Amino acid sequence: MDTEDALAVLAALGQATRLETFRLLVRHEPEGLPAGELARLAGVPQNTMSAHLSSLARAGLVSGQRQSRSIIYRADLKRLEGLTLFLLTDCCGGDPALCAPIVAALTPCCTPKDGQDVC
């Protein structure tokens, strides 16, 4: 990802409803959500959600796939990964030890099982 690409992604996420929509889609990976359900969860009219999804799609953050009468939207996690790596490329002046807390926070060490964290 280059600077111009990162700016397009950040601009798309720089609005509250679009950011919330993207986060909803990330939480519902890999199954995704239909546009109507996204609108309901975000508390916005469907035509407004459609405009937000178009902005997110232009930035490469979401994709939609028709299933019967609905379009199911999914987050593009590779695009998110690309943005994260772009932002962290020069992290801490190249000293990996200084970046360790950031990497640790992004790396799950436990998996929930029956309501308990199992490490």
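The values are calculated or read from the model by the stated rules, or taken from the named source; none is laboratory data. Given the structure is predicted, the values throughout are model-derived calculations rather than measurements. Neighbour counts are summed over all protein chains in view; Cβ atoms, including those assigned to glycine, are modelled from backbone coordinates with ideal geometry.
Some points to look at:
- In segment 66-78, the residues that are surrounded by 13 or more Cβ atoms within 10 Å (Cβ to Cβ) form Cβ pairs under 8 Å with partners that are hydroxyl-bearing (Ser, Thr, Tyr), at six or more places apart or across chains, as follows: 73/63; 74/63; 76/63.
- Options 35, 12; residue that is over 23 Å from residue 83 (Cα atoms) and either touching a residue at least 40 places away in the same chain (Cβ under 8 Å) or crowded, with 17+ Cβ neighbours inside 10 Å (or both): 35
- Sole exception among (1) at pLDDT 95 or above; (2) in contact with an Asp or Glu (Cβ under 9 Å, 6 or more places away or on another chain) for residue 49, by number: (2)
- Filtered residues of segment 59-82 (kept if in a helix (DSSP H, G or I), in contact with a helix residue (DSSP H, G or I) (Cβ under 9 Å, 6 or more places away or on another chain) and closer than 14 Å to residue 22 by Cα): 77, 79, 80
- Consider segment 14-55 and keep the residues that are β-branched (Val, Ile, Thr) and assigned to a helix (DSSP H, G or I). The one that is nearest to the chain's Cα centre (by Cα) is 26.
- Scanning segment 1-40 for residues that are of a type in the set (Ser, Thr, Tyr) and either modelled with pLDDT under 95 or over 17 Å from residue 79 (Cβ atoms) (or both) returns 3, 17.
- Top-ranked residue in segment 84-98 [being modelled with pLDDT under 75 and surrounded by 10 or more Cβ atoms within 10 Å (Cβ to Cβ); ranked as farthest from residue 10 (Cα to Cα)]: 92
- So residue 69, is it more than 25 Å from residue 8 (Cβ to Cβ) and out of contact with any strand residue (DSSP E or B) (no Cβ under 8 Å at 6 or more places or on another chain): yes
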